[in-house]
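Each remark here refers to the structure printed beneath this line.
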Amino acid sequence: MPLSKKNCPCQINPSLETISTPLAYEDCCQPYHNNIDKAEGVQAESAERLMRTRYSAFVLVKADYIVKTTVPAQQAFLDINAIESWAKETDWAGLEIVEHTPKLGKRHAQVEFKAYYNTEDGLQAHHELSSFVKVTDKTASENKERWYFLDPTVSMSVSQKQPCICGSGEKFKRCCGVYLAN
Ligand SMILES: [Zn+2]
Ligand SMILES: [Zn+2]
């Protein structure tokens, strides 16, 4: 069976016995993966959708997609080779969205999830709370908004009073700094 007809990786949830109507990859994450470089392409309409497409990108080793869906100011700090080898070495086993908080303040959202993987000791899960920011593309003729992942592991030397890395025009500490505190 071609990959496009198979169940999308993000549709596999080991904590559920069955999923009634799992989507095929071509009807789920593939359009997002294929359009990442196109300005007018399909873009994740919510933080949860972006989270799902990023999980599928890890399973299918699309490190480029992981980089390009991280907030632009952080992209240069990401190690694409490390992302790629981690994605390859992990025996991914499914995704469970625990909770999606679609609106936090003006432009943020959070998704709590479990990304499952197999190890010699059995099924394990990365249980994480990820934060996302909605960025307005001011170069577009009409205001286009796009969700990005905020990576808390990237250390950037930005002071609390500087303008935020997401380009919102607000101070970092009042904007993405809230979600990048570590
Ligand atoms: Zn999917
Ligand atoms: Zn921000």
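Derivation of every value follows stated rules applied to the coordinates shown; laboratory data play no part. Remember, it's a predicted structure, so these values are computed and weren't measured experimentally. Neighbour counts run over all protein chains shown; Cβ positions are idealised from the backbone, glycine included.
Some observations on this one:
- Ranking 75, 86, 163 by Cα position along the charge dipole of the chain, where only Lys, Arg, Asp and Glu carry charges on their C-beta atoms, puts 163 farthest toward the positive end.
- Residue by residue, the range 113-129 carries 3J(HN,Hα) couplings of 8, 10, 9, 8, 8, 8, 9, 4, 8, x, 6, 10, 9, 7, 9, 9, 10 Hz when phi is fed to the Karplus relation 6.51 cos²θ - 1.76 cosθ + 1.60 (θ = phi - 60°); x denotes Gly or Pro.
- Mean residue ellipticity (222 nm) of the chain, computed from DSSP H runs ≥ 4 via -39,500 (n - 2.57), nearest 500: -6000 deg cm²/dmol
- Angle between the chain longest axis and helix 80-89 axis [Cα atoms, degrees, rounded to 10]: 20
- In the chain, the DSSP beta bridges split such that about 95 percent are antiparallel, to the nearest 5.
- The lysines whose alpha-carbon is closer than 19 Å to the alpha-carbon of residue 38, local same-chain residues fewer than 8 away aside, are 62, 68, 134, 138, 144.
- Placing +1 on each Lys and Arg Cβ and -1 on each Asp and Glu Cβ, with no other charges, gives the range 1-76 a dipole about its Cα centre of roughly 160 debye.
- Taking the chain and dividing mean pair separation by its residue count, relative contact order in percent (alpha carbons under 8 Å, at least six apart): 17
- Extreme residue, positive dipole direction of the chain, given options 125, 12, 147 (C-beta unit charges): 147
- Of the GluC sites (Glu not before Pro) found in the range 37-133, the ones in coil according to DSSP and having at most 14 other Cβ atoms within 10 Å of their Cβ are 40, 45, 120.
- Rounded to the nearest 20, the size of the Cβ-charge dipole of the chain about its Cα centre is 880 debye, with Lys and Arg at +1 and Asp and Glu at -1.
- Angle between the chain longest axis and helix 47-59 axis [Cα atoms, degrees, rounded to 10]: 50
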